[in-house]
1. Just how many % of Cα pairs in the chain lie over 30 Å apart, if you round to the nearest whole percent?
2. Please name which of 114, 77, 98 has its Cα lying farthest along the dipole of the stretch 29-175 towards the positive end, using unit charges on Cβ (Lys, Arg +1; Asp, Glu -1) and the Cα centre as origin.
3. Enter the angle in degrees (range 0 to 90, nearest 10) between the Cα long axis of helix 145-174 and the first principal axis of the Cα atoms of the chain, meaning the one along which they spread out most.
4. Counting other C-beta atoms within 10 Å, and keeping those with at most 10, which DSSP coil trypsin sites (Lys or Arg not before Pro) do you find in the stretch 64-146?
5. What order do you get for 128, 78 when you list them from fewest to most C-beta neighbours inside 10 Å?
6. So which of 90/142; 90/172; 142/163; 90/130 end up more than 32 Å apart, counting from Cα to Cα?
7. Could you work out how far helix 2-78 tilts from the main Cα principal axis of the chain, as a 0 to 90 degree angle to the nearest 10?
Amino acid sequence: GNIKANTDAINRHETVINNHATIINNHEQQLQSHEQTLVDHANVLENHENRIESLERGMTRNVEREIGKAGAANAALSALHYLGYNKDDKLTFSVGYGHYKGHSAVALGGFYAPNEHVMFSVGGTLGSEKMVNASVNFRLGKGSEYELNHKGKIKELETLVTKLVAEVEELKAGK
């Protein structure tokens, strides 16, 4: 009877050992599956990180390009200047050029002054990137006598100079 009991015990232990071996084998397969999942996730993370870095570089380049274009357009518009009021030439034009961070722009502007106290202006850049400006300018106060009468004063002085030149020519001829 002892041999039979020992044989039965050995068989039971073999069954338990075989069951444990199956469980261990299943766990090893699960570990391999988990290891592959970790490798797959690491690859996905690396791919995402590379894509994020690429997007960041692209966005930085786009922002720098837009800043350069805007700066050049701004400089071109800033180069537009009014020549001053002239009652005989109330409309003036200006062309401006601007350059900033490798980008260039050209602007055209027009100025209209119906009188010495009011001026209208418009300006805009040419090319693919458009930027525009417009203004109405007012001069307040009584102004100076020179500004109000300088055309008349100049005319008086021109007449006087012409008269004096004629007198000098007469005196030279009389010698």
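Any read-out appearing in this document is the output of simple, stated calculations on the displayed coordinates, not a laboratory observation. No experiment lies behind these values; they were computed from the predicted model shown. Note that we place each Cβ from the backbone using ideal geometry, even for glycine, and neighbour counts take in every protein chain shown.
1. Working: 10009 of 15225 pairs.
It works out to 66 percent of all Cα pairs.
2. Highest projection toward the positive end goes to 114.
3. 40
4. The qualifying sites are 87, 130, 142.
5. Values: 128 6, 78 13.
The order, fewest Cβ neighbours first, is 128, 78.
6. Details: 90/142 21 Å; 90/172 43 Å; 142/163 34 Å; 90/130 27 Å.
In this structure, 90/172; 142/163 lie more than 32 Å apart at Cα.
7. Orientation of helix 2-78: about 0 degrees from the principal axis.
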